[in-house]
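Working notes, structure below.
The values are calculated or read from the model by the stated rules, or taken from the named source; none is laboratory data. From a predicted model like this one, the values you see are computed outputs, not experimental measurements. Heads up, the Cβs are rebuilt from the backbone with ideal geometry, glycines too, and the neighbour counts pull from every protein chain shown. The accessibility values were calculated without ligands, DNA or RNA, using every heavy atom of the protein model including side chains. Shrake-Rupley method; radii C 1.70, N 1.55, O 1.52, S 1.80 Å.
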Amino acid sequence: MLKILFTERGNECTQNMIRMLTYLPGVPFAKLTLDHRTFYRIGRTFAQMDKALHEGFRHPTAKCLHREGFRWDLSNLHLVEQYLCELKEGDTHSIVRQVVQEFKEKILPNLSHFRKGIIHGDCNENNILLEPMEGRRGPTHPHPEFRISAILDFGDMNYGCFVHELAISITYLTIMDSDPIGVGGHVIAGFESVIPLSEQERGSLFLLVLCRLSQSLLIAGHSVLLDPENEDYIMTSVRKGWRCLHQLWDLGKEAVEKIWFDTASSYQR
């Protein structure tokens, strides 16, 4: 919020502009060590938010969230393929090129089969604030349990696919965790407790996570060329994303899906 203040100095009255900030409670999850309970809760919370927006949000300007050509929309990975030539040749370049090709062959023609609504679209490590829950630590859970105190930055909000919200959430939680492959199943379980996925949506999830990692890599690389002085900030999570992209690619769809969906199924027993 900007506010104009007038101050008097002797016989003079000067005009000053100040910026006033308010702060929400909590800490970004990038600064915390999380366990499966919090991963589940994040997946569930984003699904609850998407469901509430889909069922209850009505506004005359909501159509502006149909953002055609928005490069951070996971439906538009093909639009950032033009940045592939800016990525250094090597293993990462080869993986990203193949991911983009698979997206064009397997995701793009089938977008009409994915359910859609208004989604947040940017569940990254700095956009979720967490607070510890009192009395939720014990011998079987050495790390404190957290609750979500705030969700920030709705700048990437768009009318998109629910499964994209889940894939984006898995991507950023995977990047930040010491056990990246094990995270996804807990997030899926939380999300599906509110919005169960269809078989087609489930079958696309692994590729969509690879797509988000590739999308982030391509956009970040291009942004650094435009603003090299800001490289450290731009590349904060992308460097970790490279490693996750290679890990997931090397393990393959079948192995990763087994880990994810077996973990998700354990919540139903």
Worksheet item: Dividing the Cα radius of gyration by the Kirkwood radius, what Rg/Rh value follows for segment 126-269?
Response: 0.98
Fill in: Dipole-positive endmost among Val256, Thr236, Gly203 within the chain (Cβ charges, Cα centre)
Gly203
Worksheet entry | Set of aspartates and glutamates with alpha-carbon distance to Lys88 below 17 Å, sequence-local pairs under 8 removed | Glu231
Practice prompt. Mind checking which of Ser94, Pro25, Ser216 is farthest towards the positive end of the chain's charge dipole, using Cβ charges of +1 (Lys, Arg) and -1 (Asp, Glu) about the Cα centre?
Written response: Pro25
Response to the item:
Note: segment 211-269, point scatterers on Cα, Debye, no solvent; log10 I/I(0) at q = 0.14, 0.25, 0.28 Å⁻¹ equals -0.53, -0.95, -1.06
Worksheet item: In percent, how large is the relative contact order of segment 80-168, given Cα pairs closer than 8 Å and 6 or more residues apart?
Response: 33 percent
Practice prompt. Work out the length of the dipole vector of segment 161-262 about its Cα centre, built from +1 on the beta-carbon of each Lys and Arg and -1 on the beta-carbon of each Asp and Glu, and round it to the nearest 20 debye.
Written response: 120 debye
Worksheet item: What list of ³J(HN,Hα) values in whole Hz, one per residue of segment 63-72 in order, does the Karplus curve 6.51 cos²θ - 1.76 cosθ + 1.60 (θ = phi - 60°) give from phi, with Gly and Pro shown as x?
Response: 5, 5, 7, 7, 9, 5, x, 6, 6, 8
Worksheet item: Do any GluC sites (Glu not before Pro) in segment 87-129 lie in a DSSP loop with no more than 15 other beta carbon atoms within 10 Å, and if so, which?
Response: Glu89
Item to complete: Express the Stokes-Einstein translational diffusion coefficient of segment 20-114 in µm² s⁻¹, to the nearest whole number, given a Kirkwood radius over alpha-carbon pairs, 10 °C and a viscosity of 1.306 mPa s.
Response: 90 µm²/s
Practice prompt. Give the angle, between 0 and 90 degrees and rounded to the nearest 10, that separates the Cα long axis of helix 180-192 from the longest principal axis of the Cα atoms of the chain.
Written response: 80 degrees
Worksheet entry | Alpha carbon Rg of segment 76-206, scaled by the compact-globule rule 2.2 N^0.38 Å | 1.23
Discussion item. Nearest 10 degrees is fine. How inclined is helix 253-266 to the longest principal axis of the chain, computing both from alpha carbons?
Written reply: 70 degrees
Worksheet item: Taking a temperature of 37 °C and a viscosity of 0.692 mPa s, what whole-number D in µm²/s does Stokes-Einstein yield for segment 149-219 with Rh from Kirkwood over alpha carbon pairs?
Response: 253 µm²/s
Response to the item:
In Å², rounded to a whole number, the accessible area per residue of the chain with probe 1.4 Å is 54 Å²
Worksheet item: What figure in square angstrom, to the nearest 10, would you give for the accessible area of Ser169 with a 1.4 Å probe?
Response: 0 Å²
Worksheet item: By how many degrees, 0 to 90 and rounded to 10, does the Cα axis of helix 91-102 deviate from the longest principal axis of the chain?
Response: 80 degrees
Discussion item. Quick check: at a probe of 1.4 Å, how many percent of the accessible area of the chain sits on carbon and sulfur atoms?
Written reply: 52 percent
Discussion item. With Kirkwood's inverse mean 1/r over C-alpha pairs for Rh, give me the Rg to Rh ratio of the chain, two decimals please.
Written reply: 1.03
Worksheet item: In what sequence, largest accessible area first, do Leu205, Leu21 appear using a 1.4 Å probe?
Response: Leu21, Leu205
